[in-house]
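Notes to accompany the following structure.
Each reported figure results from applying straightforward, stated rules to the coordinates on display, with no laboratory input. Predicted model, so just to flag it, every value in this text is computed and none were measured. Every residue, glycine among them, receives a Cβ derived from its backbone with ideal geometry; neighbour counts consider all protein chains shown.
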Amino acid sequence: MTTSDSPKSVLIVGGGTFGTSTAYHLSLKSEAYKNITVLDRFPVPSLEAAGNDINKVIRNDYADQLYARLTTEAMELWADPQSIYKGLYHRTGWLLGAAAKSQDFVRQSAETARKLGLVIAQPITPAEIRKRWPLIKGQMDGWSTVWNQSAGWANAQGALTQLAQAAQEHGVRYIDGAQGHVIQLLYDEHGNCTGAKAADGSAYFADIVILAAGAAAATLLDLKGQLVAKGHTVGHIKCTPAEVKKYQEMPIVAHLEGGLIFPPQEDGIIKLGAMDFVTNFEGSNVSLPRYRSDNKGDGVPKPIEDKMRRWLSECFPELADREWFETRLCWDADTPDLHFLIDRHPNHPGLHLAIGGSAHGFKMMPVIGKYVVDSLEGSLEEEAWNKWRWRPGARLQHANPHPGPLLELSDIAGFRKPSAKL
């Protein structure tokens, strides 16, 4: 074996969805990669990672054929009883509602499913919904709704944990705390990225550095406007055992301009999510995450909470005024065109990017790392390369699944001070 053919050492900055999936898939190719290290501020599962959630929707309803294909591939692994994800995936189906601005996404998703031979979401009326699921008692006025039986949800925190454990079993090293909290990427005099510096002063070096820091990536690298940190409001409701039994047969109910509600988990928690997102530009020309870890008093933005509760009254009115058991602003990194950013950095050899989940990356966690490895090796399929490459100035080319207005945190009472920490 020549020097150029020797296994390459790899440093991954970020232990969320993209970072962990990449670490795992790299670990399967020990002849090509060695000393794979994941650095993260938090232990597994990374506390502020967008993928560290009690559940996430798993579906292949997409306007874009690339993601419909990749999620279909991932769904086979989610449902495989022999896979890492055994017992974490629940195929409940989902009701997907839309209003005027979001109907194009639903229509284009049906066209994509038809072209690819996938299950096509079928129109269903509010009356038909209430007849099939009597526990959905709201009127759902103005909803244009479809039903797709192939969708479901996954225990996201469990999946992230089990995948990280599998990577560690294959020799991947995870470093957290001040030792894993990356505050700077390191370069040589020629601009080659050689490693990363942590908050405690530790320095790590590798042949390949992969930036997979999600919403925080822009704190480490100038991304030329290709990344916007957006906060997604999440609220949890605690149910009684009787309510768990009552709601356990419900599907996921979503409305692209209203909100999202999941069936209860075994611990009695029902999760709700907003469809309007927030940015955090205060004190910067780049939106950066304002993590709960650094802002203990943060709740959820009241305008978004109010809208979530109004929406909930349209489908489950008896839950609309329930107190939150827990709330969170879940920060993800959106690109302007909602495609991932998976590519070599054009000006820093040795640096590769695996970011830009854009609020839909988690469902592809079983396979996305495989495509990051393809990108590293220059063998990524052409369609994915064209959509995921370094691309300042890109604009959205397909229907937006979340057409609601963005709200700026600094304009909302209670969110005046930005956090400079990761």
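Tabulated values for the structure
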item: Neighbour-limited loop hits for GluC sites (Glu not before Pro), segment 184-265 (at most 12 other Cβ within 10 Å; DSSP other than H, G, I, E, B); result: 189, 249
item: Likely footprinting exposure, 44, 372, fewest C-beta neighbours within 10 Å first; result: 44, 372
item: Between helix 103-116 and the chain: long-axis angle, C-alpha atoms, 0 to 90°, nearest 10; result: 70
item: Charge dipole of the chain about the Cα centre (unit charges at C-beta), most positive-ward option of 350, 139, 193; result: 139
item: Cross-link reach list, lysines versus residue 34, counting only Cα pairs under 27 Å and skipping chain neighbours closer than eight places; result: 8, 197, 370
item: Residues residue 99 and residue 302, FRET efficiency given R0 of 30 Å [Cβ-Cβ distance, rounded to 0.05]; result: 0.85
item: 15 Å Cα-Cα reach of residue 387 towards aspartates and glutamates, excluding residues that sit fewer than 8 places from it in its own chain; result: 64, 334, 337, 343, 374
item: Reachable lysines from residue 238, criterion Cα separation under 23 angstrom, eight or more residues apart if same chain; result: 56, 137, 246, 271, 296, 302, 307
item: Dipole moment magnitude, nearest 20 debye, segment 30-98 about Cα centre, only Lys, Arg, Asp, Glu C-beta charged; result: 120
item: Selection from 280, 129, 20 lying farthest towards where the dipole of the chain points positive, charges on Cβ; result: 129
item: About the Cα centre, charge dipole magnitude for the chain (Lys/Arg +1, Asp/Glu -1 at Cβ), debye; result: 680
item: Rounded to 5, percent antiparallel among DSSP beta bridges of the chain; result: 70
item: Helix 156-169 vs. the chain, principal-axis angle (Cα, 0 to 90°, nearest 10); result: 30
item: Tensor-based shape of segment 110-159 (alpha-carbon gyration tensor, a/c under 1.5 rounded, otherwise prolate or oblate); result: oblate
